[in-house]
Amino acid sequence: MSEDGARFVVELTKARGICGAESRRKDSKKTVAEKEMVLCDFSQFCVTEGIDSIERLTPAKVQGFLAPICDARGPGVANRYLKNLKTAWTWGSEMFDGFPLIRPPFRKGHRYTVNEAERYIPPDEDVVKVMEQAKGQDLVMLLTFYYTGARAGEVFRLAWSDVDLDGGRIRLADNKGGGGKKRSRWLQMHHELTKALDWWKKARPCTVEHVFFQIQCDEKKGEPFTHRSHYMPTVCKRLGIKPFGFHALRHKSAAITFVSQGLNAAQTLMGHYRATTTDRYVTSAGLYMNQDGILEALGSNEIGQAVSGLMEKAMPLEDSTPEAFCNTEHVTQRLQ
């Protein structure tokens with residue numbers, strides 16, 4: 001390997017280490033592991049391909065890295081690799097002095113088509129069963145997911161400064177602002193959620209700033225959750241119902257809001273900047289397939305109400321002869 005190539009590998013290794021440390025400060029264990037895996041695999045690819053400078057990372061090289069991943073592990077995995085590489089590029093351009101000001105080699109055209117399965121939305125009775133068995137913090141957390149439609153990270157990061165009990169508001173924060181930038185939004189709280197959070201604030205065993213925190217583990221008692229990957233599957237298995245997780249509760253809240261109040265209300269609940277993002281959720285959940293609401297809306301409208309009277313006036317409903325609708329002789333002549 002050339003001297004430039006060796007230096008480039010060293011720089012990649014250093015960047016991976018810094019990026020990994022930064023990720024561990026704010027991301028879940030699953031996200032950290034995924035980022036480290038992507039950067040490790042990409043570093044190895046660069047060594048194998050003899051890429052000894054960042055300027056040699058062409059779109060064709062990126063495609064050569066992603067294509068085998070798509071073939072072996074599927075288009076969804078390849079797209080996640082691409083997303084992580086884009087994030088790493090943005091992070092590197094902001095963190096490293098002298099980062100080359102060249103066009104990023106990671107382009108939208110590299111994304112692969114994924115035939116996503118329909119999103120699972122648990123039935124009402126299963127959600128109720130899960131809530132009925134929950135107690136204390138677990139129940140309050142489930143209510144927070146349901147009434148806010150929040151992502152897991154948004155709920156885990158909640159601090160009491162984000163909860164306005166007097167005003168009945170809650171502030172959710174995420175890193176979806178572009179380039180990993182933080183953004184936040186305030187939502188009005190349902191009175192049941194306000195009551196539940198007020199109770200939990202008074203009943204919690206530790207006076208900490210985090211709303212939800214670990215209780216069972218003495219070593220981490222009082223620390224906020226970074227994930228709870230086993231809680232929902234365990235509960236669903238014990239209840240004998242089809243497994244669903246916290247994100248499915250987000251889908252459930254969005255579905256209820258969409259059916260009742262429409263796309264814009266669902267967009268506000270989910271915190272999407274673009275209605276097209278919400279539309280993808282709605283479509284993949286199969287909510288557009290149910291046309292009962294459309295027919296009911298059209299039928300109950302003033303126009304629809306008038307139609308039945310028009311039909312009775314223009315077309316007799318009792319058994320009648322064809323002459324009630326047309327001149328049979330005239331039609332026969334035209335057909336001949």
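Any residue at all in the stretch 77-93 that's assigned to a loop (DSSP other than H, G, I, E, B), surrounded by 16 or more Cβ atoms within 10 Å (Cβ to Cβ) and under 26 Å from the mean Cα position of the chain (by Cα)?
So far as the stretch 77-93 goes, no, none of its residues is assigned to a loop (DSSP other than H, G, I, E, B), surrounded by 16 or more Cβ atoms within 10 Å (Cβ to Cβ) and under 26 Å from the mean Cα position of the chain (by Cα).
Hey, could you check the stretch 196-253 for residues that are of a type in the set (Asp, Glu) and modelled with pLDDT of 90 or more and say which is farthest from residue 122 (Cα to Cα)?
Filtering first and then ranking leaves 209.
Taking the residues in the stretch 110-160 that are assigned to a helix (DSSP H, G or I) and without any contact (Cβ under 8 Å) to a residue 12 or more places away in the chain as candidates, determine which candidate is farthest from residue 237 (Cα to Cα).
Looking at residues that are assigned to a helix (DSSP H, G or I) and without any contact (Cβ under 8 Å) to a residue 12 or more places away in the chain, I get 124.
Any residue that is in contact with a helix residue (DSSP H, G or I) (Cβ under 9 Å, 6 or more places away or on another chain), assigned to a helix (DSSP H, G or I) and touching a residue at least 12 places away in the same chain (Cβ under 8 Å) - is there at least one of those in the stretch 213-232?
Checking the stretch 213-232: at least one residue is in contact with a helix residue (DSSP H, G or I) (Cβ under 9 Å, 6 or more places away or on another chain), assigned to a helix (DSSP H, G or I) and touching a residue at least 12 places away in the same chain (Cβ under 8 Å).
Taking the criterion of being assigned to a helix (DSSP H, G or I), touching a Lys or Arg at 6+ places or on another chain (Cβ under 9 Å) and not assigned by TED's automatic domain parsing to the domain that holds residue 31, would at least one residue in the stretch 161-176 satisfy it?
Yes: the stretch 161-176 contains one or more residues that are assigned to a helix (DSSP H, G or I), touching a Lys or Arg at 6+ places or on another chain (Cβ under 9 Å) and not assigned by TED's automatic domain parsing to the domain that holds residue 31.
Condition check ((1) within 19 Å of residue 131 (Cβ to Cβ); (2) touching a residue at least 60 places away in the same chain (Cβ under 8 Å); (3) assigned to a helix (DSSP H, G or I); (4) under 20 Å from the mean Cα position of the chain (by Cα)) across all residues:
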position: 202; (1), (2), (3), (4): no, no, yes, no
position: 205; (1), (2), (3), (4): no, no, no, no
position: 234; (1), (2), (3), (4): yes, no, yes, no
position: 252; (1), (2), (3), (4): yes, yes, yes, yes
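Any residue at all in the stretch 59-79 that is over 29 Å from residue 153 (Cα atoms), outside the structural domain of residue 229 (by TED's automatic domain parsing) and at pLDDT below 80?
Scanning the stretch 59-79 turns up no residue that is over 29 Å from residue 153 (Cα atoms), outside the structural domain of residue 229 (by TED's automatic domain parsing) and at pLDDT below 80.
Suppose the filter is surrounded by 14 or more Cβ atoms within 10 Å (Cβ to Cβ), at pLDDT 90 or above and not basic (Lys, Arg); does residue 120 pass it?
no
Take the residues in the stretch 187-220 that are among the aromatic types (Phe, Trp, Tyr) and either out of contact with any Asp or Glu (no Cβ under 8 Å at 6 or more places or on another chain) or not assigned by TED's automatic domain parsing to the domain that holds residue 155 (or both), then tell me which one is nearest to residue 268 (Cα to Cα).
Step by step, filter the stretch 187-220, then rank; the result is 212.
I'd like the full set of residues that are modelled with pLDDT under 85 and surrounded by 13 or more Cβ atoms within 10 Å (Cβ to Cβ), limited to the stretch 254-265.
Hit for the stretch 254-265 is 259, nothing else.
Residues being at pLDDT 90 or above and assigned to a loop (DSSP other than H, G, I, E, B): count how many of those fall in the stretch 177-193.
2
The values are calculated or read from the model by the stated rules, or taken from the named source; none is laboratory data. Worth saying up front: this structure is predicted, and the values here are computed from it rather than measured. Note that we place each Cβ from the backbone using ideal geometry, even for glycine, and neighbour counts take in every protein chain shown.
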